[in-house]
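Heads up, the thing below is written out as structure tokens.
The values are calculated or read from the model by the stated rules, or taken from the named source; none is laboratory data. These numbers were taken from a predicted model, which means no experiment stands behind them. Reconstructed Cβ throughout: ideal geometry from the backbone, glycine too, with neighbour counts over all protein chains shown.
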Amino acid sequence: GINLFEEWKIKHGEEKAIEMWVERNASISKSNSGDNNPFYGVHHTEATKQHIRNKTIQQYIDGKFKYKDTKPELEVENMLISNELKYIKQYPVEFKKKSEIAVTIYDFFLPEFNILIEVDGCYWHAKNKKYFEMDNRQKMKFRNDQMKKRVAKDNGFRLIRIWEDEINSSWRIIC
């Protein structure tokens, strides 16, 4: 089947489709923020958080999760398309975590080259910051990034990280 973004690209052209997609995602985000979010102010136990993570990952694997692309991810995806590179978006990779099997999701996978791509936002991934300068969310992202780096290496993948402000200059690394 064809997704909504692809449908818009066919009807309106790629540039307009991106603009429409970004606008749509912004309105969805606003409608679920603050008091409008049913989980606003709710604190979950660690067991509940892990259950939610596992269910979300299973939805990714089953193709049922409605993922919201970031603008930088859309830019990278457009570059992949324009260079006619085959890719899989939101690619799950299994790994062993303690005594169980876990899954982590990478932004893109290029099967012809065995390359995983992560597109990192400068703020959320704390570009050019030392660990002690990061806030708690950035530290959590940093630890997750380190885990993803290890999982990629342990599973024989090459991992390329692209900073959102370096998308155009990073492109020569992939091609």
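Things worth noting here:
- Out of ILE115, ILE52, ILE81, sole residue that is of a type in the set (Val, Ile, Thr) and either under 14 Å from ILE160 (Cβ atoms) or in contact with a helix residue (DSSP H, G or I) (Cβ under 7 Å, 6 or more places away or on another chain) (or both): ILE115
- Taken over the stretch 131-175, the residue count meeting the criterion of being at pLDDT 90 or above and small (Gly, Ala, Ser) is 2.
- Test: residue in the stretch 112-121 that is loosely packed, with under 14 Cβ neighbours inside 10 Å, on the phi > 0 side of the Ramachandran plot and not charged (D, E, K, R): yes
- Checklist (1) closer than 24 Å to THR56 by Cβ; (2) modelled with pLDDT of 85 or more applied to VAL103, failing item: (2)
- Among the conditions (1) loosely packed, with under 13 Cβ neighbours inside 10 Å; (2) modelled with pLDDT of 90 or more; (3) of a type outside the set (Lys, Arg), the only one that TYR40 does not satisfy is (2).
- Boolean, LYS89 is of a type in the set (Lys, Arg), surrounded by 11 or more Cβ atoms within 10 Å (Cβ to Cβ) and in contact (Cβ under 8 Å) with a residue 12 or more places away in the chain: yes
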